[in-house]
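One structure below.
Computed from the coordinates by the stated procedures, all read-outs in this text should not be read as laboratory data. These figures come from a predicted structure and were not determined experimentally. FYI the Cβ positions are ideal-geometry reconstructions off the backbone, even for glycines, and counts take in every protein chain you see.
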Amino acid sequence: MDLFTAGFASMMGGALLRSRVLTLLACLLIAGAAGIFLTENQTITATFYEIVPGLSFAVHIDRLAAFFMLTIAAVSFCVSLYSVEYINQYKHKGLLISLMNIFILSMLLTVAAGNTFSFLFFWELMALSSFFLVMFEYDNDKTRKAGLFYFIMTQLSTLFLFIAFSLLYSYTGTTSMEKIILQEKSTFLFLALFIGFGIKAGIIPFHKWLPYAHPASPSNISALMSGVMIKVAIYGLLRFLLVLPAELWWGLLILGAGTVSALLGVIYALKEHDIKGLLAYHSIENIGIIYMGIGLFVIFSHYNVPALAAMSMAAALFHTLNHALFKSLLFLTAGHVVHTTKTRNIDEMGGLIRQMPYTALLFLIGAMAISGLPPFNGFVSELLLFQALFNASAVHNPIIELVLIICLSLLALTSALAAACFVKAFGMIFLAMPRSAQKTHEASWPMLLGEGLLALACVILGIFSPLYLNSLGYALPNMMFIGGALLFSILFFFLLARANTRYCETWGCGLISQTPRMEYTASGFSEPIVTIFSTIYNPQKHVSKEFFDKSQTLVREGHVEFHLMRFFEEYLYMPIANAAMVIASRIDTLHQKDMGAYIAYVFIAAVILLLWVGWFA
């Protein structure tokens with residue numbers, strides 16, 4: 001029996017290893033093929049299986065699809081390499097690998113879909129596989145809550161896309177991606193697409209599933225969801241937006257939603273002390289930045305300024321790629337930190353740079369890239385967006401110019417707050433003294449290699465992309481000079497510090513020795529910002545005290561609870577959920593009392609559906 005068990009385990013281990021190797025090879029092949037389609041401007045259209053006439057599984061890969069497929073495949077390769085060692089901590093490793101492979105495949109097939117039926121089918125496959133991955137550790141109450149919330153939101157997204165695709169078919173008479181050309185403007189169609197893709201992208205006010213789902217998922221899955229899954233929604237919005245005759249208010253709505261999401265995303269991230277929750281809010285921020293570029297593209301296209309429209313689209317697409325790289329890097333490094341410290345609370349970390357210096361360096365690269373600091377890739381894409389906003393006068397409309405200037409100011413504030421947030425994150429996690437006695441260790445080489453490739457891409461795209469973009473007419477600084485000067489400055493100050501180093505204790509207000517309890521906390525770091533944005537956070541403090549005397553003069557001990565308002569959850573989601581529960585309970589009561597009424601409801605619903613189909617047929 002023991003021999004049989006050992007043999008079965010060996011077989012399973014070999015199957016898992018082969019599966020991981022095949023996943024890595026598939027990602028490389030797909031990335032290479034997508035790169036060829038992208039650079040040579042090739043297009044392929046094919047039908048694989050036709051269920052009935054007009055309803056088939058088809059692919060359509062052009063440069064836009066190839067760009068997103070390259071992004072998905074490249075990030076998936078690094079995550080899969082990281083997962084070789086990371087998944088060993090889980091009991092059901094085979095299930096995790098299988099679901100992850102289905103998830104990656106569904107994202108690629110959604111982007112490659114040649115018609116709306118294929119798109120919606122693989123979109124739903126992507127939603128269901130990611131739901132099971134969010135629920136992977138289902139024995140945790142918070143995980144079940146996150147999974148339920150995510151399932152409801154992702155099905156709501158599918159519902160709006162179904163409505164949009166039905167309208168699109170009624171207008172054009174086709175489901176083919178390459179044949180969809182709409183001459184007339186449709187407000188309902190745009191709004192259905194905007195809401196359907198906005199929910200999956202995590203744009204405010206449809207963002208609340210991200211802070212629930214990302215912390216609940218395994219960290220390699222969080223990297224895929226935040227790095228590339230939400231970009232599939234960006235692809236979908238662009239794919240259909242480019243074939244619709246856009247109106248000015250569409251661009252303003254997308255720009256406004258992006259600006260609000262970018263600013264509120266980083267503001268909510270600043271108060272977050274769960275490292276994965278913090279990164280989830282930064283996904284909302286960066287999706288907002290991408291939406292700003294898309295909104296500007298629509299606005300400049302409306303005013304017939306093709307150069308600025310192209311710059312805005314370039315900024316949106318380049319930031320899509322950049323965010324996929326540095327956000328995946330941050331989630332992967334955070335995943336090892338969480339695994340080795342057994343906590344997601346950054347107030348319980350500290351001093352980890354001594355035990356995991358490579359992880360700290362890689363996290364720092366991702367933090368600098370997401371903060372938009374040179375010479376990393378995030379700086380280049382944000383600079384393109386800034387340049388587009390700086391040319392607001394090209395629209396020759398004072399009101400629109402004012403709107404663009406306000407968005408420019410808010411984007412600058414967002415960038416500054418993002419840098420402050422990652423100063424907090426890196427400082428509280430890796431610097432100072434350890435805040436707990438837990439032993440930590442450096443990541444294994446497959447995990448470091450997966451992270452290192454993403455970090456290297458952030459550096460290379462930051463340094464060399466301006467050379468390509470300058471050849472296209474975009475005035476960007478020489479990042480090689482900036483990178484060299486920065487590296488020289490670091491080495492110079494490092495050598496200078498080594499030559500004149502004096503070690504001594506930090507001054508502790510007269511105390512002889514320092515303890516971790518005396519260190520600056522994440523709450524203390526965020527407190528001034530929470531105070532500044534108190535109208536958004538609506539902080540509430542509850543203080544309880546015990547006294548030595550009856551006159552309550554001398555305090556024995558005290559306890560303080562600090563709560564921040566969850567505006568969208570308390571004033572948007574919960575009222576809708578409560579109203580739905582009330583309606584559902586009323587309908588359930590009617591069903592139980594009268595079967596005839598129930599049959600009548602079904603008949604009326606069927607008649608309405610037939611009339612709807614007949615109207616748009």
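Straight-line reach from LYS271: taking Cα to Cα under 26 Å and skipping same-chain neighbours fewer than 8 places apart, the lysines in range are LYS142, LYS145, LYS200, LYS208, LYS231, LYS327, LYS342, LYS424, LYS541, LYS545. With respect to the chain, whose longest principal axis is taken over its alpha-carbon atoms, helix 93-112 is tilted by about 50°. Neighbour counting of Cβ atoms within 10 Å sorts the residues LEU410, LEU96, fewest neighbours leading, into LEU410, LEU96.
Take VAL530, VAL395 and order them by how many other Cβ atoms sit within 10 Å, fewest up front.
Values: VAL530 17, VAL395 20.
Listing VAL530, VAL395 from fewest to most nearby Cβ atoms yields VAL530, VAL395.
Look at THR414, THR158, THR43 and count the other Cβ atoms within 10 Å of each Cβ; fewest to most, that gives THR43, THR158, THR414. Relative intensity of segment 12-156 on a log10 scale, I(q)/I(0) at q = 0.13, 0.17, 0.18, 0.20 Å⁻¹, equals -0.68, -1.05, -1.12, -1.23, per a Debye sum over C-alpha point scatterers of equal strength in the absence of solvent.
Based on alpha-carbon atoms only, what is the radius of gyration of segment 246-493 relative to the globular estimate 2.2 N^0.38 Å?
Values: Rg = 19.0 Å, N = 248, 2.2 N^0.38 = 17.9 Å.
After normalising by residue count via 2.2 N^0.38 Å, the value is 1.07.
The Rg/Rh ratio for segment 267-372 is 1.12, where Rg is the radius of gyration of the alpha carbons and Rh is the Kirkwood radius.
Working from Cα positions, state the angle (0 to 90°, nearest 10) between the long axis of helix 248-270 and the longest principal axis of the chain. The helix 248-270 is inclined about 30 degrees to the chain. For the chain, averaging the sequence separation of C-alpha pairs within contact (under 8 Å, six or more residues apart) and dividing by the residue count gives a relative contact order of 11 percent.
The chain: D in µm²/s via Stokes-Einstein (Kirkwood Rh, Cα pairs, 25 °C, 0.890 mPa s)? Calculated translational D: 93 µm²/s. In the chain, the longest principal axis of the Cα atoms and the axis of helix 187-201 are about 40 degrees apart. Considering every alpha-carbon pair of segment 1-245, the percent of pairs per 5 Å bin, from zero through the bin containing the longest distance, is 1, 6, 13, 17, 17, 15, 13, 8, 5, 2, 1, 1, 0, 0, 0.
Restricting to DSSP H runs of at least four residues, report the calculated mean residue ellipticity at 222 nm for the chain, -39500 (n - 2.57) per run over all residues, nearest 500 deg cm²/dmol. Write out the running numbers ahead of the final one.
On the way: 21 runs with 428 residues, N = 617.
Theoretical 222 nm ellipticity from helices: -24000 deg cm²/dmol.
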